[in-house]
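The values are calculated or read from the model by the stated rules, or taken from the named source; none is laboratory data. Note that this is a predicted model, so its numbers are computed, not measured. Here the Cβ positions follow ideal geometry from the backbone for every residue, glycine too, while neighbour counts run over all protein chains shown. Just the protein is used for accessible areas: all its heavy atoms, side chains included, with ligands, DNA and RNA removed. Shrake-Rupley method; radii C 1.70, N 1.55, O 1.52, S 1.80 Å.
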Amino acid sequence: MPSPQSPPFDPGNVGRITADEQVDALRTLIAVFATSVVRPGRPRPRNAVTAEIIDILDQVPADQAEAVAQLFTMMTLRLRRRARPRHTAFRLALETALLARGYTGAPPPPNEGAYVLADRPGLAAIDPACSDLLGRMAAVPQAEHRAWLTAQVIACGLIDAEQRHTLGGADRDLGDLAVAEFLVRAAAQYLASTAGPAPQGGPPPRKG
């Protein structure tokens, strides 16, 4: 199980960058777009993501990479808001799960479709799981239901990760990322499994 000596984490700092970090990120962004311009006497870039741009991004100092990444992420999210909310959330969940998987050292899947389909439970298997949780939740005070359910979900991720990684100790990051991959992939799998048209007779019954 996770080590109790976790580093402090302030959720309020997520997504915040200082003024200096914004300047550095914007400077890099300007340089990225500048490399996409066709210069006289130079070959036309293959596309916006040229080797030159990759070189610039690779040269971003490690202590500024977070700020640059946040800027690009905010730009991407702004564009994705124009897409269907379900699809946007699915893409973000899938990409996050694959990122976490990569950090654990697992080999890349053959493709995204295979990754989402692997070990995905059918909706029929979810019904008895809901019934089991509802039965056990009956003894939990109403005000604690959401926290109790969250604990059950995280426990599932911990148990799954423990089968392949050591949770805690020197490799605790790998174990924690394996837990995160399980949780985020489950979200992507749910969005994928419920994305199709509702079966005849209406949508499947919701528990709880």
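Number of residues in segment 124-171 that are open to solvent by 70 Å² or more (accessible area, probe 1.4 Å), closer than 30 Å to residue 105 by Cβ and of a type in the set (Asp, Glu) equals 2. At pLDDT 70 or above and farther than 25 Å from residue 184 by Cβ - does that describe any residue in segment 10-19? Scanning segment 10-19, I find at least one residue that is at pLDDT 70 or above and farther than 25 Å from residue 184 by Cβ, so the answer is yes. Within segment 131-142, residues that are closer than 15 Å to residue 153 by Cβ sit with their Cβ atoms under 7 Å from residues that are surrounded by 11 or more Cβ atoms within 10 Å (Cβ to Cβ) and of a type in the set (Lys, Arg), at 6+ positions apart or across chains, in these pairs: 134/207. Would it be correct to say that residue 94 is assigned to a helix (DSSP H, G or I), open to solvent by 70 Å² or more (accessible area, probe 1.4 Å), outside the structural domain of residue 180 (by the TED database) and at pLDDT 90 or above? No, not satisfied. Among the conditions (1) farther than 23 Å from residue 194 by Cα; (2) assigned by the TED database to the domain that holds residue 188, residue 150 misses just one, which is (1). Filtering segment 70-91 down to residues that are among the hydroxyl-bearing types (Ser, Thr, Tyr) and open to solvent by 50 Å² or more (accessible area, probe 1.4 Å), which residue is nearest to the chain's Cα centre (by Cα)? Across segment 70-91, the extreme among qualifying residues is 73. If the condition is being open to solvent by 50 Å² or more (accessible area, probe 1.4 Å) and free of Cβ contacts under 8 Å to residues at least 40 places away in the same chain, then segment 97-116 contributes 99, 107, 108, 110, 111, 112.
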